[in-house]
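K.L.:
I have a structure here, written as structure tokens, and I will follow up with some questions on it.
The values are calculated or read from the model by the stated rules, or taken from the named source; none is laboratory data. All values derive from a computational prediction rather than experimental measurement. Using ideal geometry, Cβ is built from the backbone for each residue, glycine included, and neighbour counts are taken over all protein chains shown.
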């Protein structure tokens, strides 16, 4: 499953962007709205030199330091709109002009002037991405890049997507509507009028794989491709513990009761800002009764006859299913079944 790579050091969010842009080894992830811009083929674009005229000629709405990996800093940049095709480099070509683009976003680490939003984009809140890209370049949602980009880069892009979305949705104070200002000592924005402080949003969600003897319960969500199954999952409600959410979701979606909850692992999931907390649980009582608003189907599977699952190198769900299936098979063999 995709996780931030081993050794990745997350930035506190107070690194001066100008200093990062001045470094030729800074790795940049470029977004237009929620779409990642990359070369369609060949080695991925990573540096400012790779992007060339795209960065030099574009307006930005956000610029967010991500962290350091293998000695190189990583930076996420969100564009207001794609530049015209004529201003964009062809695949594999670069521009020698690397002047810093004009932007109303105060440099992180500097003191913004009063009343200045740190993510100053048009009041409509939309991102103009209608401009076409030249051959060899592509702007697509993150899911389209899974399996095409190196896993480490894809995981960092998941982090970048969440932080840019946070900037986009916190341009103004949610209490009084004043443009927010970026704090210099931590990753947060604050209203200069009422003092409301906002941090990157994280929405916890639970995932549970139910077992019954040698069997596993898997469900096909209504949003899944036909024939694909996974463990049950759902978001926590305000005031609810993860354990309480697990029991509630299981009862609501398949009408079962469970016990013996065991933590498996977690994964950040940027659609748009979830934190998946995965568990196993043992069936206690009840027969499957599917909620048709949520699920197309739910059934018990033997560990050696599993259906189509989400891609193994992306989501925690397949890692959960496969690890549990191995455990059940091993337990069955030890019991002589």
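K.L.:
Against the conditions (1) in contact with a strand residue (DSSP E or B) (Cβ under 8 Å, 6 or more places away or on another chain); (2) modelled with pLDDT under 50; (3) buried (at least 16 other Cβ atoms within 10 Å of the Cβ), where does residue 65 fall short? Just the number, please.
P.N.:
Tallying (1) in contact with a strand residue (DSSP E or B) (Cβ under 8 Å, 6 or more places away or on another chain); (2) modelled with pLDDT under 50; (3) buried (at least 16 other Cβ atoms within 10 Å of the Cβ), residue 65 fails exactly one: (2).
K.L.:
Further, regarding this structure: Going by what's in this entry, would residue 246 be described as over 22 Å from residue 67 (Cα atoms), in contact (Cβ under 8 Å) with a residue 40 or more places away in the chain and in contact with a helix residue (DSSP H, G or I) (Cβ under 7 Å, 6 or more places away or on another chain)?
P.N.:
Criteria not met by residue 246.
K.L.:
Being more than 24 Å from the chain's Cα centre (by Cα), buried (at least 19 other Cβ atoms within 10 Å of the Cβ) and in a helix (DSSP H, G or I) is the requirement here; does residue 325 meet it?
P.N.:
Against the criterion (more than 24 Å from the chain's Cα centre (by Cα), buried (at least 19 other Cβ atoms within 10 Å of the Cβ) and in a helix (DSSP H, G or I)), residue 325 qualifies.
K.L.:
Looking at the stretch 79-90, is at least one residue crowded, with 16+ Cβ neighbours inside 10 Å, at pLDDT 70 or above and assigned to a strand (DSSP E or B)?
P.N.:
Yes.
K.L.:
While we're here: Which one is surrounded by the fewest Cβ atoms within 10 Å (Cβ to Cβ) among residues in the stretch 122-150 that are part of a loop (DSSP other than H, G, I, E, B) and at pLDDT 75 or above?
P.N.:
135
K.L.:
What number of residues within the stretch 9-53 satisfy the criterion of being under 16 Å from the mean Cα position of the chain (by Cα) and surrounded by fewer than 18 Cβ atoms within 10 Å (Cβ to Cβ)?
P.N.:
Of the residues in the stretch 9-53, 1 are under 16 Å from the mean Cα position of the chain (by Cα) and surrounded by fewer than 18 Cβ atoms within 10 Å (Cβ to Cβ).
K.L.:
Pick from the stretch 45-62 the residues that are at pLDDT below 90 and part of a loop (DSSP other than H, G, I, E, B): which of them is farthest from residue 4 (Cα to Cα)?
P.N.:
57
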